[in-house]
Amino acid sequence: MTTDLEQEFVTLLEDNQNILHKICKLYTSDLDAHQDLFQEMVIQLWKSYPKFKGDAKFSTWAYRVSLNTAISLYRGKKTKIETVDWDYSLSNIRYEEYSSETEDQLKHLYDAVRQLNDIDKALVYMYLEEKDYTEIAETLGISEVNARVKMNRIKSKLKLMLAKKGVV
Amino acid sequence: MDELDFLKQHWQNDQEFPKVNKEEIRRMLHKSSSSIVKWIFLISVIELLIGIVLNSWFYFFDKEPHTDHFIFQIFSNSIDVIAYFFILYFIYTFFSSYKKIKNTKSTKELLSDILITRKTVHNYIRFNIYLIIVSVALATVKIFFERQTEIWSTGHIIMFLTFLIIVMFIVGWVCIAVVKLYYRLIYIRLVKKLDKNYEELIKLDEDEGREILVE
């Protein structure tokens with residue numbers, strides 16, 4: 001019953017699952033929400049997989065579909081203002097190797113990013129993944145100039161949020 | 001340094017996520033059962049709402065004075081109450097199946113949840129058909145007793161009764177056929193999708209068992 005298409009998809013997804021986990025990390029703050037979003041992305045990817053022709057890399061296609069899923073799922077949802085609990089099962093185990101100051105700063109940064117709206121989070125994700133502005137603009141359906149302006153605003157927003165907490 | 005660039009430095013090393021294996025991914029693909037059951041639940045709620053709206057519409061806009069016999073009023077009201085009670089029970093069952101299927105982690109549980117939902121849908125359809133039969137029967141009795149049969153001759157009564165029963169039988173039969181068609185179009189189609197999912201899940205379970213044996 002497991003078709004070739006399914007086999008192929010599952011293998012590709014298993015190899016590329018970190019793309020999805022990383023997006024989940026920016027959009028969710030606890031393990032349950034992380035797993036829910038992950039599952040939703042998998043279902044959306046599977047649904048649109050027949051349309052994936054292979055003219056783009058699987059990873060590129062997967063991150064675009066997953067980002068869109070996250071955006072539409074979290075659209076209009078008010079982001080929590082209070083600091084979210086830090087789920088250690090999700091946090092990078094490597095943090096322990098950093099100085100506690102770095103660890104603290106990273107935690108606050110993630111918290112701040114999670115308070116951004118759905119589109120801003122997508123921009124941050126693509127920025128962290130070192131996508132160029134042409135690709136960011138194309139993925140979000142906005143102009144390149146607009147993407148740059150948005151990115152700068154996000155940076156100032158984050159600076160402001162962290163300054164309020166006295167982190168920076 | 002820019003905050004985001006600071007984050008970026010650590011971002012690339014951030015690869016330690018709980019690993020999801022092939023079986024888990026495959027199971028996620030078949031989780032669509034939960035969305036099918038969600039539809040079953042939503043449609044049953046919509047049906048209830050339409051029923052309530054129609055009932056209250058008839059109640060408020062029925063200008064004719066109620067000449068029904070006291071017993072008939074008690075009868076039809078208690079049937080209404082029982083019907084709503086059952087419908088609420090079915091909606092609750094659909095909802096809890098949806099919740100269960102959504103949160104199920106193991107294939108075995110998912111299979112049994114699908115079977116339970118399937119059974120509930122069939123019971124729900126059967127219940128609606130029984131409801132039609134009872135309503136038509138009640139209407140038949142009501143129509144008969146509304147006539148001034150005391151002044152009729154026995155032959156007249158027998159002829160009228162035969163005619164009435166035939167007409168009501170046809171009416172009931174048509175109603176049931178329409179309802180069956182409706183359920184075939186909506187519920188049975190959803191149940192078929194559930195069945196397909198069920199078969200694939202069984203296959204998945206067998207494959208898994210085989211893999212464990214091989215290991």
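Residue under question is B:SER112, and the condition is that it be modelled with pLDDT of 85 or more, in a helix (DSSP H, G or I), within 25 Å of A:ASP36 (Cβ to Cβ) and not aliphatic (A, V, I, L, M); does it hold? Write out each step before concluding.
Details: modelled with pLDDT of 85 or more: no; in a helix (DSSP H, G or I): yes; within 25 Å of A:ASP36 (Cβ to Cβ): yes; not aliphatic (A, V, I, L, M): yes.
For B:SER112, the condition - modelled with pLDDT of 85 or more, in a helix (DSSP H, G or I), within 25 Å of A:ASP36 (Cβ to Cβ) and not aliphatic (A, V, I, L, M) - is not met.
Exactly one residue out of A:TYR88, A:TYR95 is over 16 Å from the mean Cα position of the chain (by Cα), at pLDDT below 50 and in a helix (DSSP H, G or I), and it is A:TYR95. Among all residues of segment A:28-43, there is at least one that is charged (D, E, K, R) and at pLDDT 85 or above. Among the residues of segment B:45-72, the ones that are modelled with pLDDT of 80 or more and surrounded by 11 or more Cβ atoms within 10 Å (Cβ to Cβ) come to 2 in all. State all residues of segment A:110-151 that are surrounded by 16 or more Cβ atoms within 10 Å (Cβ to Cβ), more than 12 Å from chain B (Cβ to nearest Cβ) and of a type in the set (Ser, Thr, Tyr); if no residue qualifies, say none. Across segment A:110-151, the qualifying residues are A:TYR133, A:THR139. For segment A:8-29, the count of residues that are surrounded by fewer than 15 Cβ atoms within 10 Å (Cβ to Cβ), away from chain B (no Cβ under 11 Å) and in a helix (DSSP H, G or I) is nonzero.
I'm checking my understanding of the structure. Among residues of segment B:96-105 that are of a type outside the set (A, V, I, L, M) and modelled with pLDDT under 85, which one is surrounded by the fewest Cβ atoms within 10 Å (Cβ to Cβ)? Don't jump to the end; show me each part of the working.
Keep residues of segment B:96-105 that are of a type outside the set (A, V, I, L, M), which gives B:96-100, B:102-105.
Among the residues that remain, those that are also modelled with pLDDT under 85 are: B:97-100, B:102-105.
On the way: B:SER97: 23, B:TYR98: 22, B:LYS99: 15, B:LYS100: 17, B:LYS102: 16, B:ASN103: 10, B:THR104: 19, B:LYS105: 8.
Here the residue is B:LYS105.
State the number of residues belonging to segment B:7-21 that are in a helix (DSSP H, G or I) and more than 7 Å from chain A (Cβ to nearest Cβ). Explain how you work it out, then say what you get.
To start, the set of residues in segment B:7-21 that are in a helix (DSSP H, G or I) comprises B:7-11.
From what is left, the residues that are more than 7 Å from chain A (Cβ to nearest Cβ) are B:9.
The number of residues fulfilling the criteria is 1.
Taken over segment A:158-168, residues that are touching a residue at least 24 places away in the same chain (Cβ under 8 Å) and either more than 11 Å from every other protein chain (Cβ to nearest Cβ) or under 18 Å from the mean Cα position of the chain (by Cα) (or both) amount to 2.
The values are calculated or read from the model by the stated rules, or taken from the named source; none is laboratory data. Treat the numbers as computed from the prediction; the structure is a model and nothing was measured. When we count neighbours, we look across all protein chains shown, and the Cβ atoms used for this are built from the backbone with ideal geometry, even at glycine.
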